[in-house]
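Just below is one structure, and these are the notes that go with it.
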Amino acid sequence: MPRKTVFDMLFADVYPALIRKAERKGRSRAEVYEVTSWLTGYAAEEIDAALASDISYGAFLDQAPAYNLRAELITGKICGIQVESIEDPLMKRVRQLDKLVDELARGKAMEKVLK
């Protein structure tokens with residue numbers, strides 16, 4: 001059986017893990033939605049619709065309605081990988097969202113997370 005990549009996994013399986021990561025550190029679901037909306041251009045209702053659908057995580061990020069141009073300012077390491085050095089555009093988007101949620105979970109103020 002071929003191994004699934006993060007791109008192929010259901011958005012509804014991956015995104016709740018990001019929410020739990022933030023909530024374990026005292027942040028809210030709404031704050032995760034806010035950083036996701038800032039990065040992708042999806043409204044909260046569209047995120048909810050994606051959670052209720054069978055869209056893949058890769059498709060969710062690849063089809064973002066208004067990917068933020070300031071996403072290029074997201075720097076640092078996530079899972080030992082330097083975000084700004086990732087060449088694959090879709091993997092870069094995956095890591096950028098993960099980095100924003102990680103910064104949120106670490107207690108950074110929303111203004112600093114949203115560069």
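The values are calculated or read from the model by the stated rules, or taken from the named source; none is laboratory data. Everything numeric in this text was worked out from a predicted model, so none of it was measured. All Cβ positions, even for glycine, are placed from backbone atoms using ideal geometry, and neighbour counts span all protein chains on display.
Here GLU45 passes the criteria (1) closer than 23 Å to LYS108 by Cβ; (2) out of contact with any Phe, Trp or Tyr (no Cβ under 8 Å at 6 or more places or on another chain); (3) without any contact (Cβ under 8 Å) to a residue 24 or more places away in the chain; (4) loosely packed, with under 15 Cβ neighbours inside 10 Å except the one numbered (1). Residue selection: LYS92 fails the criterion of being farther than 21 Å from GLY41 by Cβ and not hydroxyl-bearing (Ser, Thr, Tyr). Of the residues making up region 52-94, those that are among the aliphatic types (A, V, I, L, M), more than 13 Å from the chain's Cα centre (by Cα), modelled with pLDDT of 90 or more and under 27 Å from LYS112 (Cβ atoms) are ALA66, LEU69, LEU73, ILE86. Listed by position, the helices (runs of 4 or more DSSP H) inside region 43-112 whose residues that are in contact with a helix residue (DSSP H, G or I) (Cβ under 8 Å, 6 or more places away or on another chain) and among the basic types (Lys, Arg) number at least 1 are 89-105. The residue list THR75, THR40 contains one member that is surrounded by 13 or more Cβ atoms within 10 Å (Cβ to Cβ), within 21 Å of GLU111 (Cβ to Cβ), out of contact with any Cys (no Cβ under 7 Å at 6 or more places or on another chain) and not basic (Lys, Arg), which is THR40.
Of the residues making up region 1-25, those that are without any contact (Cβ under 8 Å) to a residue 60 or more places away in the chain and in a loop (DSSP other than H, G, I, E, B) number 7.
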